[in-house]
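Presented below is the structure to which this report refers.
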Amino acid sequence: MESRSHEDPLIGDHGAVSSADTEMAGEAIGPHEDEPHGTGLNDRLNWLRAGVLGANDGIVSTAGIVLGVAGATSDRTAILIAGVAGLAAGAMSMAAGEYVSVSTQRDSEEALLAKERRELREDPEDELAELAGLYVDKGLEPDLALEVAKQLTEKDALAAHAEVELGIDPDDLTNPWTAAWASMVSFTLGALLPLLTILLFSQDLRVAVTVASVAAALALTGWASARFGYGPPRAAVVRNVIGGLLAMAVTYGIGQLVGTQV
């Protein structure tokens, strides 16, 4: 029988397992505390994504509308009407769009899971071989892959196949209503910022204050999107702010051009 190499971190100088190393290895087993794990993660990330994107769209689109109108006229009532109309239309559009999009995704997930259930019921042996083959493709030895496939199949065959074959957690499907509400509420909250700043400040200050507050809010939503997506925050903030400033500049310029022609 071959002895295990002394380079193995769990083997001591005499070939025995070191108790200290075993304890250390045991402590290392399990999820990292600073990473997301557990059921419900997919749905939480879904509504967080919808919320961040909704807030961002509410800020940019409403700021573009009110600044465009402000570029054409100083009439506070006209700015208010345009801003409220844009807020209402945008919030409903975002909610409907998220609901339709996520519903389509959920329908596809449920159809794939139904197909997998049928295959497991009609041909379990072939499905077991398929699952083992998928683990071999991931780098496991055939014997170990088959053993893993058997154990996971005994525990929850559908979950095992759905995760490896489809990338789906049957217990954590996306919820269209959650995404729709998150998107609508966040759009409304985001839209209130430029709408209030453009109305509450005097004509001399309203444009500058609105641009500054929108830039700050876009920096926050850019950071939040990077934080939730584990991306670099600086790049996300820069893209968000530059995109928003460009949109406001274009709509304000168009408003001024139209205002001088009418």
Exercise for the section: Within region 59-109, track down each residue that is closer than 23 Å to P176 by Cα and basic (K, R). Expected result: R106
Practice task
Would you be able to say whether some residue in region 230-250 is modelled with pLDDT under 90 and hydroxyl-bearing (S, T, Y)?
Solution key: yes
Exercise for the section: Could you pull out the residue among G58, G51 that is modelled with pLDDT of 90 or more and either surrounded by 13 or more Cβ atoms within 10 Å (Cβ to Cβ) or closer than 30 Å to I254 by Cβ (or both)? Expected result: G58
Practice task
From (1) of a type outside the set (V, I, T); (2) within 19 Å of the chain's Cα centre (by Cα); (3) closer than 17 Å to G51 by Cβ, pick out the condition that doesn't hold for A191.
Solution key: (2)
Exercise for the section: Within region 112-140, count every residue that is within 16 Å of D169 (Cβ to Cβ) and open to solvent by 60 Å² or more (accessible area, probe 1.4 Å). Expected result: 2
Handout entry: Pair list, Cβ under 8 Å, 6 or more apart: region 91-115 residue closer than 22 Å to V185 by Cβ, other residue of a type in the set (D, E)
Key = M94/D57
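The values are calculated or read from the model by the stated rules, or taken from the named source; none is laboratory data. None of these values were measured; they are calculated from a predicted model. As a convention, Cβ positions derive from the backbone with ideal geometry for all residues, glycine included, and neighbour counts pool all protein chains shown. Keep in mind that these areas ignore ligands, DNA and RNA; they rest on the heavy atoms of the full protein, side chains included. Shrake-Rupley method; radii C 1.70, N 1.55, O 1.52, S 1.80 Å.
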